[in-house]
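A short worksheet on the structure shown next.
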């Protein structure tokens, strides 16, 4: 400890007066965020927005609707300092590593007593109330920050989404802030580095067993790098105790949530009256069920599943596992039969019960207790290699058809442009040119399947663009009366095709929020303007048969290239603004689709408007319509981080899963229905099972 009563820690300097009395640390810490006094108005707005989202998602969306609230019983806490390896030594050692805390002691008080740089581990049995304890702590911390906006921002994360030891906790936090709370990565990184957050990390036990020790090491490394950041971690005690003694969390405090006592259970049942009288009688004669009821979650499930039942209906035999299974089956049956709040009494379920269980079983088997978001469904969720191959073939063929349309319409544009009257070509020529484009697009569309493993986008684009051009050359004489498509549209189609096909990724990545970037806009507009000028000059001098119209078309095409540059490069991922609106289900894909539609129509009308400005005779000219459609289709697919390609991938995947009967066609409506039935809970734009034990029950269903 230095003379100025502060300690230098990697990642920041811990300030404040600290005193040690018999192993108890007392200090004057007030929870103010570092640098909070210098925040701008926009930074304060960002903090308020994040705080509102955390409160809406986790307090209003989860805590207030939790099954645990059905059995409101004060939980006993036991201090377990032997469970952690304190990062700071020499500040006084406690007299005992384990001690029962006074009745009524809340986790918030334990956390507060630790002081500045406070870190805490919450342990407990399955269903003991770890997450609820964490969320009640979050509720209190949120209330404090609402009153004093300069305080640290409490944020809830679920560790089950942590990837691997190659991913640092800092990088993971930035990714989670964006994907779960829509915090731009620039802002999220700044908050993590400046230690503006209180990290409430649930579900260490939900990290895959083979990666759990790596996760603990990553958290410990984060604590060393960001020593002032306050952290709370939750874990099932059995999963934590199997960790090696040399690889414990380096936290400053630990508590264990005690099981309910028989007296607490009896008091709760007595308060419920006649509704649970049969349950009370059963517990007196059934030792195994009495043991199960000491879990707050199980007691809540008993309350819901066995309410108003007769003792004869409840008597059963079997192991603890079988009893628990029977209990959750009874809970599911009761949830299906009871009325849904807010629905009329005559409301009829849109889904059959067995079908609902089947879809929830599939969901449970493919997710952890991390928040499930529809836009995060990935091809690896498909049941077999065959299904994955079908998905990639369909995706490639759909893209091939779209690019074939782009090429075919461009061929029509090129053909019409060289006609004296600029009238639309005969219908048979239109069909032939479109057919050449579409058939040629199918070939690289199929070949994307074996090339999907190539990570270098430039190489993949060059290969597929070349194949596209060769395909055009191959099909042209068969369809177009032994004539070849001109070299200029052929090469340009190859370039466009290569650009789009190269954007196909093995993972589906929804588009982030975008904003205008004037610097990028100018650079891309200049670059595409130069390319457009070279294109126009080559085409004018080598292929133009009408110099008078050629000048106008050359100017028009240069402007069109500039417009394409603006749409492709004029936007960037939003860096600083947090969307204040609450997230909606499948928001990432809906945003991608919105960008695609806006880009398509903007380019179509921009092309027609520019042509009309340059020459009034262009109005409703088929040439103009063709170039507008070409630009619209190409921009819709390739602009905005390839938003159109992302939409094709996502909805193709959803369609295959639907055909396999793993999900319904309208997934959002089903997930909302499952939430109404209290199988799931909505967390912002995502969903979680009401408890991990229910998730595990669905996952084990046959």
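The values are calculated or read from the model by the stated rules, or taken from the named source; none is laboratory data. Predicted, not measured: the structure shown is a model, and the values here were computed from it. Reconstructed Cβ throughout: ideal geometry from the backbone, glycine too, with neighbour counts over all protein chains shown.
Please determine whether any residue of segment 506-515 is surrounded by fewer than 16 Cβ atoms within 10 Å (Cβ to Cβ) and touching a strand residue (DSSP E or B) at 6+ places or on another chain (Cβ under 9 Å).
Residues of segment 506-515 that are surrounded by fewer than 16 Cβ atoms within 10 Å (Cβ to Cβ), as a first pass: 506-507, 515.
Filter once more, keeping what is touching a strand residue (DSSP E or B) at 6+ places or on another chain (Cβ under 9 Å): 515.
The answer is yes, given that some residue of segment 506-515 is surrounded by fewer than 16 Cβ atoms within 10 Å (Cβ to Cβ) and touching a strand residue (DSSP E or B) at 6+ places or on another chain (Cβ under 9 Å).
Looking at (1) at pLDDT 95 or above; (2) in contact with a helix residue (DSSP H, G or I) (Cβ under 7 Å, 6 or more places away or on another chain); (3) assigned to a helix (DSSP H, G or I), find the lone condition where residue 156 falls short.
(3)
Which members of segment 677-702 meet the condition of being assigned to a helix (DSSP H, G or I) and buried (at least 16 other Cβ atoms within 10 Å of the Cβ)? Lay out the reasoning, then the answer.
As a first pass, look at segment 677-702 and keep what is assigned to a helix (DSSP H, G or I): 692-700.
Once the filter is applied, which keeps residues that are assigned to a helix (DSSP H, G or I) and buried (at least 16 other Cβ atoms within 10 Å of the Cβ), segment 677-702 yields 692, 693, 694, 695, 697, 698, 699.
Those residues that are closer than 19 Å to residue 391 by Cα and buried (at least 17 other Cβ atoms within 10 Å of the Cβ), I need them from segment 434-448; list them, please. Even if it seems obvious, please write down each step before you answer.
First, the residues of segment 434-448 that are closer than 19 Å to residue 391 by Cα: 441-448.
441, 442, 443, 444, 445, 447, 448 - these are the residues of segment 434-448 that are closer than 19 Å to residue 391 by Cα and buried (at least 17 other Cβ atoms within 10 Å of the Cβ).
For segment 101-108, state whether one or more residues are at pLDDT 90 or above, in contact with a strand residue (DSSP E or B) (Cβ under 6 Å, 6 or more places away or on another chain), more than 30 Å from residue 340 (Cβ to Cβ) and not in a loop (DSSP other than H, G, I, E, B).
no
Condition test on residue 439, is it assigned to a helix (DSSP H, G or I), over 28 Å from the mean Cα position of the chain (by Cα) and at pLDDT 90 or above?
yes
If you check residue 329 against the conditions, is it within 17 Å of residue 679 (Cβ to Cβ) and either over 30 Å from the mean Cα position of the chain (by Cα) or exposed (fewer than 13 other Cβ atoms within 10 Å of the Cβ) (or both)?
So residue 329 passes the test.
Taking residue 638, is it on the phi > 0 side of the Ramachandran plot, touching a helix residue (DSSP H, G or I) at 6+ places or on another chain (Cβ under 6 Å) and modelled with pLDDT under 90?
On the way: on the phi > 0 side of the Ramachandran plot: no; touching a helix residue (DSSP H, G or I) at 6+ places or on another chain (Cβ under 6 Å): yes; modelled with pLDDT under 90: yes.
No.
The conditions are (1) modelled with pLDDT of 80 or more; (2) within 30 Å of residue 687 (Cβ to Cβ); (3) touching a helix residue (DSSP H, G or I) at 6+ places or on another chain (Cβ under 8 Å), and residue 70 fails exactly one of them. Which is it?
(1)
Conditions (1) under 17 Å from the mean Cα position of the chain (by Cα); (2) assigned to a helix (DSSP H, G or I), marked per residue:
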| site | (1), (2) |
| --- | --- |
| 165 | no, no |
| 178 | yes, yes |
| 188 | yes, yes |
| 219 | no, yes |
| 223 | no, yes |
| 238 | no, yes |
| 243 | no, no |
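Does segment 351-362 contain at least one residue that is outside any helix (DSSP H, G or I), modelled with pLDDT of 90 or more and closer than 30 Å to residue 664 by Cα?
As a first pass, look at segment 351-362 and keep what is outside any helix (DSSP H, G or I): 351-352.
Subset that is modelled with pLDDT of 90 or more: 351-352.
Within this subset, residues satisfying the condition of being closer than 30 Å to residue 664 by Cα are 351-352.
Yes, segment 351-362 has at least one match.
Read through the list (1) under 30 Å from residue 52 (Cβ atoms); (2) surrounded by fewer than 18 Cβ atoms within 10 Å (Cβ to Cβ), then give the number of the only condition that residue 646 fails.
Unmet condition: (2).
Residues in segment 364-386: is at least one on the phi > 0 side of the Ramachandran plot, modelled with pLDDT under 90 and surrounded by fewer than 17 Cβ atoms within 10 Å (Cβ to Cβ)? Even if it seems obvious, please write down each step before you answer.
Residues of segment 364-386 on the phi > 0 side of the Ramachandran plot: none.
So far as segment 364-386 goes, no, none of its residues is on the phi > 0 side of the Ramachandran plot, modelled with pLDDT under 90 and surrounded by fewer than 17 Cβ atoms within 10 Å (Cβ to Cβ).
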